[in-house]
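Contents: one structure, followed by commentary.
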Amino acid sequence: MPNISPEEALSLKDKLQQESRIVQANLVDAEKSKEFSCTIAELIQDAASSEFRIHTGIQLRRGDFPGCVLGLHGARFELLDYRNTPAGEEGLKRAIEQAYDYILVIHFPSGAVCELYIFNEGTQETDIFRG
């Protein structure tokens, strides 16, 4: 899987924020314990060199935002697309090719992983969520 530098990852983050691209974040803890896993689909809202902030921009009454903050200190990055899907996973390959431009994988020093699936340009929330 192709690794990219932290600077390239931050450049991608800035581009995604400027384009108001929707990202799907799949978060999984360290491979050994699997204590948590969650998925959100939102926008990258804030540009900071040390973190990704993914949320709708709507503030809750108590002052926080629905979404997540990903601290990037010591993180390692990979950039993937449909061509990197495992052999024999044709359904997955087609699904990724149809919905996403690419996937940015963030490996945290703790062993936790976040996969940011970048929806195709022009994708709206109504295209993602089923009623």
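The values are calculated or read from the model by the stated rules, or taken from the named source; none is laboratory data. If you're wondering where the values come from, they're calculated on a predicted model, not measured in any experiment. A quick note on method: Cβ atoms are made from the backbone with ideal geometry, for glycine too, and the neighbour counts reach across all protein chains shown. Just the protein is used for accessible areas: all its heavy atoms, side chains included, with ligands, DNA and RNA removed. Shrake-Rupley method; radii C 1.70, N 1.55, O 1.52, S 1.80 Å.
Just a few scattered comments:
- Three-way shape call for segment 83-131 based on the alpha-carbon gyration tensor, with the a/c threshold at 1.5: oblate
- Under the combined filter of DSSP loop state and at most 15 neighbouring Cβ atoms within 10 Å, segment 93-131 retains these chymotrypsin sites (Phe, Trp or Tyr not before Pro): Phe129.
- Given 13 as the ceiling on other Cβ atoms within 10 Å, longest exposed-site-free region of the chain for trypsin sites (Lys or Arg not before Pro) in DSSP loops: 63-129
- The residues of the chain expose on average 62 square angstrom of accessible surface per residue, using a 1.4 Å probe on protein heavy atoms.
- Taking the chain and dividing mean pair separation by its residue count, relative contact order in percent (alpha carbons under 8 Å, at least six apart): 27
- Calculated from backbone phi, Karplus (6.51, -1.76, 1.60) coupling profile of segment 8-17 in Hz, x at Gly/Pro: 5, 5, 5, 5, 4, 4, 4, 4, 5, 5
- Dipole axis of the chain (+1 Lys, Arg; -1 Asp, Glu on Cβ), positive-most option in Gly91, Ile103, Gln45: Gln45
- Answer label, with Cα extents along the principal axes in Å calculated from the coordinates and candidates (i) 47, 36, 30; (ii) 46, 37, 24; (iii) 66, 31, 27: (i)
- Rounded to the nearest 500, the 222 nm mean residue ellipticity of the chain from helices alone is -6000 deg cm²/dmol, with -39,500 (n - 2.57) taken per DSSP H run of at least 4 residues.
- Carbon-plus-sulfur accessible fraction, the chain (probe radius 1.4 Å, protein heavy atoms only): 49%.
- Amide H partners (placed H, <5 Å) of Ala112, local residues excluded: Ala30
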